[in-house]
There are 4 protein chains.
Amino acid sequence: MTERRIPLFKEGFELELVQSSAGAAVVQLAVKPSHLNAVGVLHGGAVFTLVDTSMACAIMETLRQGETCVSVEIKVNNVAPVKEGTIVARSAVGHRGRTLVHVETDVRTTHGRLVAKGLGTFFVRTPLTARGA
Amino acid sequence: MTERRIPLFKEGFELELVQSSAGAAVVQLAVKPSHLNAVGVLHGGAVFTLVDTSMACAIMETLRQGETCVSVEIKVNNVAPVKEGTIVARSAVGHRGRTLVHVETDVRTTHGRLVAKGLGTFFVRTPLTARGA
Amino acid sequence: MTERRIPLFKEGFELELVQSSAGAAVVQLAVKPSHLNAVGVLHGGAVFTLVDTSMACAIMETLRQGETCVSVEIKVNNVAPVKEGTIVARSAVGHRGRTLVHVETDVRTTHGRLVAKGLGTFFVRTPLTARGA
Amino acid sequence: MTERRIPLFKEGFELELVQSSAGAAVVQLAVKPSHLNAVGVLHGGAVFTLVDTSMACAIMETLRQGETCVSVEIKVNNVAPVKEGTIVARSAVGHRGRTLVHVETDVRTTHGRLVAKGLGTFFVRTPLTARGA
């Protein structure tokens, strides 16, 4: 039995929404040393946070007045490790149903090297469905 | 075309490793207001960071001298939103192969309410395989 | 440019629903040579079909009159290859919301060896939501 | 306690490899009534079998003498239901490491309507690694 603190991301993230439209968004993260994990590469939680946020941004402009969206599930494949520089997530809505949205993300370095792929599902809450999905 | 800053997790995370053994780990997160997203619930990136870290902790004690592990892919299902309190991730290794590890995670509030489920794959780097998976 | 036929599962599957209740189901598959893939192990499509079907069976008895369910997304981790014998899928609903259901599955041989893990999301169509999720 | 037979895919599948190269493949399935599920739409197991097979085909031509590949995990998002016609899976390798391959798939009707998205990981067995991943 142990008890140990694991401090992470002590400076937080400063994501940057570069571009967005109805169904697509580009969001980037400038990697800082505080985003790296114990083995010196970008923590999976940082990549995921970027993916999740860019997916939400891509969906945002498809929402109507009063609607909000929440992520139901997201899967991320970590293709290649990153240690520094800026990574760019491009999310695109594959299908927007009445309440479900399928969205995918491609994360690359600014040099175009693939870093991660994401595939997720969001739920759109309307005044009607907000009573509990 | 827009350009906008999205600051996240400005205080970072203080995860706590409550327990770990070869193939299992319990890690928890005390939710702070800075971990919430734009609609006032715990950001998916925070849940994922907890899941990913607890998975790595569960695998850690199965590693031999010189081995390290990296996450290949992780999927998280967000079952119920959280706004405050402490959430507890319990990760268990389902199978440990020579280089691949399948691991799953259950995230609950301290009252036992299911918050999220995770299912992931890690890769174990040995001096032999370190030349590039 | 090629054009080639890939015949699969020419005898089909004879799944067996062993047990089911509201939120849980046990479904099994007796592996036949026609279920194996080109390298002689059970095809991923066979494992997935078992997982998907057992998930649906677990949800079935939670449905009310007029409701049906469809799978939104499913992920399967193939933990260990199988060549023969019977494999047993146990699915359990983790959370049943008004329209979304989170469900997970554990596939084992009859000797208890872990074969695969599944994690998925289903959508419940009611007369109200049937107009298009 | 019940015991019930669930026969599926009694005619099997006749997939067709339309095109393949090192890192990409196009495989299609002509939907038959025996591929539909209890609610009259294409069974998730049929979509998955097509996705899995097309992923393997995309990887095949990247393999060297003596290497084989197995799927580690695959996730499929079912975007829209299908009842008839032919569906076409296009798989592309996102990254090919020494032993791990990240691959994604897009499934569409012949009219271009998105049916499903897949994201998966394969493991390449070489004479060296074949002793057990």
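A simple spin-label model places the labels of D:E84 and A:K83 5.9 nm from each other, with each point 7 Å out along Cα-to-Cβ. Would you work out if the protein assembly as shown is rounded, prolate or oblate? Take a ≥ b ≥ c from the square roots of the eigenvalues of the alpha-carbon gyration tensor; rounded if a/c is under 1.5, else prolate when a/b is larger than b/c, oblate otherwise. In terms of gyration-tensor shape, rounded.
Structure note, pairs A:K10/C:K117; A:K32/C:K75; C:K10/C:K75; B:K10/C:K117; A:K75/D:K10: Cα-Cα distances above 29 angstrom occur for A:K10/C:K117; A:K32/C:K75; B:K10/C:K117; A:K75/D:K10.
Split the accessible area of chain D by element, probe 1.4 Å, and carbon with sulfur accounts for 52%. The same position D:A38 in the other copies lies at 3.5, 4.0, 4.5 nm from this copy, comparing label points 7 Å beyond Cα toward the beta-carbon, shortest first.
For chain D, adding -39500 (n - 2.57) for each run of n ≥ 4 DSSP H residues and dividing by the number of residues yields -4500 deg cm²/dmol at 222 nm. Restricting the calculation to Cα atoms, every distinct pair contributes to the Kirkwood radius of chain A, found to be 15.6 Å.
Spin-label model, A:R98 to C:A22: label points 7 Å out along the Cα-to-beta-carbon direction sit 2.5 nm apart. For chain D, the longest principal axis of the Cα atoms and the long axis of helix D:44-60 meet at an angle of about 20 degrees.
Here the range C:15-131 is treated with +1 on each Lys and Arg Cβ and -1 on each Asp and Glu Cβ, and its dipole about the Cα centre works out to around 160 debye. Each peptide in C:115-126, B:76-87 gets a packing score, the mean of other Cβ atoms within 10 Å over its residues, and the list from highest to lowest is C:115-126, B:76-87. Each other copy places its own label point for A:P127 at 2.4, 6.8, 7.1 nm from this one, sorted shortest first, where the point lies 7 Å along the Cα-to-beta carbon line. Counting Cβ atoms of other protein chains within 10 Å of each Cβ in C:58-67 and taking the mean gives 0. Each other copy places its own label point for D:T62 at 2.5, 2.8, 3.7 nm from this one, sorted shortest first, where the point lies 7 Å along the Cα-to-beta carbon line.
The values are calculated or read from the model by the stated rules, or taken from the named source; none is laboratory data. Source: prediction; values computed, not measured. Because the Cβ atoms are built from the backbone with ideal geometry, glycine has one as well, and the counts that use them run over all protein chains shown. Ligands, DNA and RNA are excluded from the accessible area calculation, which covers all protein heavy atoms including side chains. Shrake-Rupley method; radii C 1.70, N 1.55, O 1.52, S 1.80 Å.
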